[in-house]
Amino acid sequence: MGAVAPWAPAVTAGGQESSSHLPPVLRESGQREVFCGLTSIVWLHRRMPDAFFLVVGSRTCAHLVQSAAGVMIFAEPRFGTAILGERDLAGLADANEELDRLVRDLLERRPEIRTLFLVGSCPSEVIKLDLGKAAERLNGQLAGRVRVLNYSGSGIETTFTQGEDQALLAMQPLMPASDEPQLLIVGTLADPVEDRLIDLFGRMGIERVRSLPPRRSTELPPVGRGTKVLLAQPFLSATARALQARGAELIPAPYPFGVEGSRLWMQAAATACGLAPAAIEAVLAPLVERGRRAVAPHREVLAGKRLVLMPDSQLELSLARFLHQECGMELVEVGTPYLDRQLLAEELALLPAGTAITEGQDVERQLERVRAARPDLVVCGLGLANPLEAEGIATKWSIELVFSPIHGCDQAGDLAELFSRPLRRRNLLQFS
């Protein structure tokens, strides 16, 4: 393979370019280094303790989810794997009969389950196992006992955070219709973070705030023309569009990462709900001041440092905005697996002029650019972190950012610390 230029934009037919102050987006297609959508089960199963996620896949799928969750072998997690054997893959056995048997055995052992997700994987899709029909069949058999939904967590066409998007999309048909006014926060948040944000919205004057996914899978919020949708995560494209199709209004806003992103996110919601600016500012002002003080010591470490974010979680543009705007980092390259311009328009507008953005990935070419640029910090997946560390480049695992409670002004200092920590560690390991 020949040398790769540090920046070689390529525009696909019919593609739209980003904001006018940004260069053309570099779209890459090649080998990727990302987890599959099954990984989202790790936070979804914690969110809804009355739900169970049954992956229909291989032993590799089982090991992936088990390792990502860090669940001990004798624990009782709320996920499992129906392992497809050689006879299933060869078409010598009726996989549907075996699946039905496994589901019955599971429900006998775990009677507390109220919603069962059948989660497709690469192996189940390769053998054309129709989990949609399986869910319909099981719903008929288990009517009144448990609800069975299905979605795909396959890594063939998705990155790992899109698993949540597909899970929430599968829940949409069960959401009741209602035109009552409400603010709907969409996207999984840690329970204490969500409680804090709902309390803050209540202090501003928003009376009815609901969440998707809910804490109990059977208590789905209604949706209709009175619903104002506030996305907490930037990777929920299909969910957002399905809610809009049912009459809900999507509130455009940056995402609640860092002080400024969280302030603008809450301000946009409050304004959309018709609250007076004075009521909004009275709640936000002390939050913003406290958050800025928490970020300040980490800015001393991060300011002026050069950063590359490799495509993995779809949080990259929001994190880049935070790290440049509030921590003073220089953005060398910001990669994202997919760029949804509608959901990320507010973030694109806040990025500094000239920010180099990539969509998709050709991992070898991107690694060549990283080695040529020698940034101070690279945010990337687990598979790339150790090799880059061995080459003397500090890294931060992108998956940790999805598993950590980093939303809101109150968490801004913790978010900044996730990036300052690897640089502090590298400084401690320097030997004269």
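The values are calculated or read from the model by the stated rules, or taken from the named source; none is laboratory data. Everything numeric here is computed off the predicted structure, so don't read it as measured data. Quick reminder, even Gly has a Cβ in these numbers, built from the backbone with ideal geometry, and neighbours come from all protein chains shown. These area figures cover heavy atoms from the full protein model, side chains too; ligands, DNA and RNA do not enter into them. Shrake-Rupley method; radii C 1.70, N 1.55, O 1.52, S 1.80 Å.
Only one residue of Ile206, Gly144, Val259 has its Cα farthest out toward the positive end of the dipole of region 143-288, where Lys and Arg carry +1 and Asp and Glu -1 on Cβ, and that residue is Gly144. Rounded, prolate or oblate, given the Cα gyration tensor of region 262-381, with a/c below 1.5 counting as rounded? Verdict is oblate for region 262-381.
Using the Cβ of Pro422 as centre and a radius below 14 Å, the other residues enclosed give a net charge of +3, where K and R count +1 and D and E count -1. Taking every alpha-carbon pair under 8 Å whose residues sit at least 6 apart, the chain reaches a relative contact order of 18 percent.
Sorted on the mean count of surrounding Cβ atoms within 10 Å across their residues, most packed first, peptides 55-64, 402-411 read 402-411, 55-64.
Surface exposure of region 254-403, expressed per residue as accessible area with a 1.4 Å probe, stands at 34 Å².
The mean sequence distance of close C-alpha pairs (under 8 Å, at least 6 residues apart), as a share of the length of region 285-432, puts its relative contact order at 29 percent.
Counting only DSSP H runs of at least 4 residues, each contributing -39500 (n - 2.57), and dividing by the residue count of the chain, the helix-based mean residue ellipticity at 222 nm comes to -13500 deg cm²/dmol.
Phi angles across region 250-258 convert, under the Karplus curve 6.51 cos²θ - 1.76 cosθ + 1.60 with θ = phi - 60°, into 3J(HN,Hα) values of 8, 7, x, 6, x, 9, x, 10, x Hz, Gly and Pro given as x. Residue by residue, region 414-419 carries 3J(HN,Hα) couplings of 5, 5, 4, 5, 4, 8 Hz when phi is fed to the Karplus relation 6.51 cos²θ - 1.76 cosθ + 1.60 (θ = phi - 60°); x denotes Gly or Pro.
Across the protein chains, with a 1.4 Å probe defining accessible surface, the residues Glu347, Glu98 rank Glu98, Glu347 from largest area downward. Computed with a 1.4 Å probe on the full set of protein chains, the accessible area for Val103 sits at about 0 Å².
Annotation: Phe52 carries an accessible surface of approximately 10 Å², with a 1.4 Å probe and no ligand, DNA or RNA atoms counted. For the chain, the fraction of 1.4 Å probe accessible surface lying on carbon and sulfur atoms is 53 percent.
Counting only residues at least eight positions apart within a chain, or on another chain, the lysines with an alpha carbon under 29 Å from that of Lys396 are Lys305.
Only protein heavy atoms count here; on that basis, with a 1.4 Å probe, Thr115 has an accessible area of about 0 Å². In sequence order, region 134-148 has phi-based couplings of 4, 5, 4, 4, 5, 4, x, 6, 10, 3, x, 9, 7, 9, 10 Hz under the Karplus curve 6.51 cos²θ - 1.76 cosθ + 1.60, θ = phi - 60°, and Gly or Pro positions carry x.
One Cα centroid belongs to region 112-126, the other to region 379-432; the line between them spans 33 Å.
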